[in-house]
Structure formats: C-alpha cells, structure tokens
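Engineer: Handing you a structure now.
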Amino acid sequence: METKILTQEELTQLRDLQNQQNTILMNLGSIEYRMSVLEQTKIELKSQVLEIEKMNSKLGAELTEKYGSGNLDLETGEITTE
C-alpha cells in the first residue's frame, strides 16, 4: 500500500474548512437554543395577556354593575353614563 502526504497548504485548507464548519454548527446550535427560549417566553407572555384580559373583563363587569354602563376616562376616573 502506497502512502501519500498532503501538502501543508492542502492540510491547512482542510483544517480551516473544518474549523469554519464547526463554528457554523456551534452558531446554529446557539441560535436554536435562543429560539427555543424565545418561543417559551412568547408562550408565557401570551398566557399573561389572556390572564390580564380575563381580569380586565371581570373588573369591567364589576364596575358596570356598580356604576352602570358608560364611557370611562382613565385619566380622570370619570364615567359618563349614557
């Protein structure tokens, strides 16, 4: 069996390509991880929005029962009934 040896330049090129590929794969993994964290955060925030909407509806119903229906000015707290 014959043994052949790559030139130093060819070996350097192959090592550089391997290093570039490893860097890209590490970066892709990092991006996937961050996307996963962001997706989980998105799910949690959507859940919080739904909870706030429920609380807002409940409070709106309580205030309507107490003050009647009308328009509320959040700056002054005044309710203009119809």
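The values are calculated or read from the model by the stated rules, or taken from the named source; none is laboratory data. Every value quoted in this text rests on a predicted model; they were computed, and no experiment measured them. For the accessible areas, the whole protein counts, side chains as well, though only heavy atoms, and no ligand, DNA or RNA atoms are used. Shrake-Rupley method; radii C 1.70, N 1.55, O 1.52, S 1.80 Å.
Engineer: I'd like the Karplus ³J(HN,Hα) series for the stretch 76-82: coefficients 6.51, -1.76, 1.60, θ = phi - 60°, whole numbers in Hz, and an x wherever there's a Gly or Pro.
Structural biologist: For the stretch 76-82, the Karplus curve yields 9, x, 7, 10, 9, 7, 8 Hz.
Engineer: To continue, here is another question. With every protein chain kept in place and ligands, DNA and RNA left out, what is the accessible area per residue of the chain? Probe 1.4 Å, answer in Å².
Structural biologist: Working: 8060 Å² over 82 residues.
That works out to 98 Å² for each residue.
Engineer: Could you identify which residue out of Thr23, Thr12, Thr41 has the top mean-square fluctuation in a GNM of the chain using Cα springs shorter than 10 Å?
Structural biologist: Thr12
Engineer: Hey, another quick one. Give the label of the value calculated from the structure for semi-axes √(5λ) of the Cα gyration tensor in Å, choosing from [x] 20, 16, 14; [y] 24, 14, 10; [z] 69, 12, 6.
Structural biologist: [z]
Engineer: In degrees between 0 and 90, to the nearest 10, how far off the longest principal axis of the chain does helix 8-67 point, with axes built from Cα atoms?
Structural biologist: With both axes taken from Cα atoms, the answer is about 10 degrees.
Engineer: Given a 1.4 Å probe and every protein chain left where it sits, what share in percent of the accessible area of the chain is carbon and sulfur? Working shown, then result.
Structural biologist: On the way: 4540 of 8060 Å².
That share works out to 56 percent.
Engineer: Which residue fluctuates most in the GNM of the chain (Cα springs below 10 Å): Asn71, Asn27, Asn56?
Structural biologist: Asn71
Engineer: I would also like to ask the following. With springs only between Cα atoms under 10 Å apart, run a GNM on the chain and tell me which of Glu39, Glu53, Glu65 wobbles the most.
Structural biologist: Judging by the Gaussian network model, the answer is Glu65.
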